[in-house]
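Novice: My structure is below; once you've seen it, I'll send some questions.
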Amino acid sequence: MKQPGKNKDTKNDKWIEEAWKAHSPQIYNLCRMSCESSEDAKDVFQNIALRFFKCAKSIKYGDSVFPWLFRVFRNCFYDYVRFRQKMMPFSIASDVVGDYMALPAESSVFYREGNQKNDDLMRVVNSLSRSDRELIDMTFHKGLSTEELSVLYGVSFSAITKRRKSAIKRARNVLLG
């Protein structure tokens with residue numbers, strides 16, 4: 001006879017808990033590397049945990065959980081970035097003021113000669129596809145190795161190497177062309 005409150009999902013629940021315990025340190029480290037402060041990293045991590053436990057029943061027993069968690073991390077981090085962009089600190093208000101000045105930019109207090117380099121970099125970044133930007137960001141900004149990226153994306157080591165080389169080649173062509 002079945003006991004009340006006991007069901008066949010006990011095995012799945014235990015597996016979900018073990019998967020979370022196994023991968024949560026990696027996800028938290030990604031949050032810490034990506035966010036500006038530890039409080040922001042904790043907020044993003046908490047959102048990931050809430051989404052994981054809310055949707056955990058839809059994950060099949062035995063499936064690889066880390067790629068799914070990484071996608072959730074990426075989406076939560078993008079939400080965090082969008083939220084941060086809505087709030088403009090007064091310290092960067094000077095960057096916006098230059099766009100509305102009646103005087104030429106050279107006479108402005110906020111003029112910077114390095115704007116051409118920033119414009120070139122933004123042109124290159126915007127010309128890349130979303131996956132290329134993400135791969136380059138994960139490699140050069142976050143410092144993930146090719147092996148870590150292959151596990152993260154679920155593709156082979158050589159596929160990551162080829163994708164990264166082609167992304168860099170496309171960026172170089174945009175910059176030089």
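The values are calculated or read from the model by the stated rules, or taken from the named source; none is laboratory data. From a predicted model like this one, the values you see are computed outputs, not experimental measurements. Glycine also receives a Cβ, built like all others from the backbone with ideal geometry; neighbour counts cover every protein chain displayed. The area values use the complete protein model at the heavy-atom level, side chains included, leaving out ligands, DNA and RNA. Shrake-Rupley method; radii C 1.70, N 1.55, O 1.52, S 1.80 Å.
Novice: Name the residue that is most open to solvent (accessible area, probe 1.4 Å), counting only residues in the stretch 138-173 that are of a type in the set (A, V, I, L, M) and under 22 Å from Ser64 (Cβ atoms).
Specialist: Val151
Novice: If you take the residues in the stretch 36-52 that are open to solvent by 100 Å² or more (accessible area, probe 1.4 Å) and more than 14 Å from the chain's Cα centre (by Cα), which one is farthest from Trp20 (Cα to Cα)?
Specialist: Out of the qualifying residues, it is Glu39.
Novice: Across the stretch 53-68, which residue is modelled with the highest pLDDT among those that are more than 22 Å from Glu134 (Cα to Cα), open to solvent by less than 70 Å² (accessible area, probe 1.4 Å) and assigned to a helix (DSSP H, G or I)?
Specialist: Residues of the stretch 53-68 that are more than 22 Å from Glu134 (Cα to Cα), as a first pass: 53-63.
Checking which are open to solvent by less than 70 Å² (accessible area, probe 1.4 Å) leaves us with 55-56, 59, 62.
Of the ones still in play, those that are also assigned to a helix (DSSP H, G or I) are 55-56.
Details: Cys55: 84, Ala56: 78.
The selected residue is Cys55.
Novice: Which of the residues spanning the stretch 36-51 are of a type outside the set (Ser, Thr, Tyr), farther than 23 Å from Val155 by Cβ and assigned to a helix (DSSP H, G or I)? Even if it seems obvious, please write down each step before you answer.
Specialist: To start, the set of residues in the stretch 36-51 that are of a type outside the set (Ser, Thr, Tyr) comprises 36, 39-51.
Of the ones still in play, those that are also farther than 23 Å from Val155 by Cβ are 36, 39-47, 49-51.
Those that are of a type outside the set (Ser, Thr, Tyr), farther than 23 Å from Val155 by Cβ and assigned to a helix (DSSP H, G or I): Glu39, Asp40, Ala41, Lys42, Asp43, Val44, Phe45, Gln46, Asn47, Ala49, Leu50, Arg51.
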